[in-house]
Amino acid sequence: MLTNLKKKTTFAIRKNFYISTMKHQILFFVAALMLAACGDNAKQEAQKLLMEAQTHFEQGDLDAASKDIDSLRKTYPTIVEARKGALKLHQEIELKAAQDEMARTDSLLQAANQELEALQAQVDEHKKALKATPEELTLLTRTRMKRDSIRTQFETLGMKIRYIHQKQKE
């Protein structure tokens with residue numbers, strides 16, 4: 001009788017274990033299906049966000065495009081295809097922004113060079129006549145420093161653009 005009770009208890013335990021295991025397997029399977037379905041939805045959402053960023057870029061709204069890319073990176077960090085597209089678009093955005101800034105800086109540099117040349121000619125004339133004032137010489141030095149600062153910014157932007165081109169080739 002004791003062995004019969006042991007057999008029934010063992011059978012009941014095995015049966016409960018089997019049912020419990022089956023429940024876990026079913027739950028795992030359902031969870032996997034849900035994740036797969038969410039994964040497809042997440043891919044679609046990430047692609048949609050990437051397309052919005054592309055549209056903003058094409059419209060010239062670089063800030064909005066950059067914000068869309070940041071949002072994509074934070075919201076969908078595991079969607080590799082979308083992140084690769086976002087990286088390429090981010091490089092294009094940075095390149096366009098650097099080129100625009102370089103054009104503005106070039107205009108400033110040309111104006112600073114003209115201002116410096118005119119001031120240099122005036123100071124040279126006053127030096128010959130021994131009429132150059134300390135204020136004029138200080139203004140000349142400051143104008144030269146301003147021009148040098150703009151030139152440095154221009155050269156830095158040129159290097160940034162070359163770097164972006166190099167990364168785009170990789």
Under 9 Å between Cβ atoms, which residue pairs at least 6 apart in sequence (or on different chains) link something in region 35-53 that is at pLDDT below 90 with a partner that is exposed (fewer than 11 other Cβ atoms within 10 Å of the Cβ) and not in a helix (DSSP H, G or I)?
G39/T78; A42/T78
Of all residues in region 113-170 being over 43 Å from the mean Cα position of the chain (by Cα) and among the basic types (K, R), the one that is nearest to K96 (Cα to Cα)
K127
Return the pair list, or none, for Cβ contacts closer than 9 Å from residues in region 123-150 that are within 27 Å of L108 (Cβ to Cβ) to residues that are among the basic types (K, R) and part of a loop (DSSP other than H, G, I, E, B), at least 6 apart or on different chains.
E125/K131
K131 in a helix (DSSP H, G or I), modelled with pLDDT under 95 and not hydroxyl-bearing (S, T, Y)
no
Restricting region 53-86 to residues that are in a loop (DSSP other than H, G, I, E, B) and surrounded by 18 or more Cβ atoms within 10 Å (Cβ to Cβ), which is farthest from the chain's Cα centre (by Cα)?
I79
Take G158 and decide whether it is out of contact with any Pro (no Cβ under 6 Å at 6 or more places or on another chain), at pLDDT below 95 and either loosely packed, with under 12 Cβ neighbours inside 10 Å or not acidic (D, E) (or both).
no
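The values are calculated or read from the model by the stated rules, or taken from the named source; none is laboratory data. Quick caveat: nothing in here was measured; it's all calculated off a predicted structure. A quick note on method: Cβ atoms are made from the backbone with ideal geometry, for glycine too, and the neighbour counts reach across all protein chains shown.
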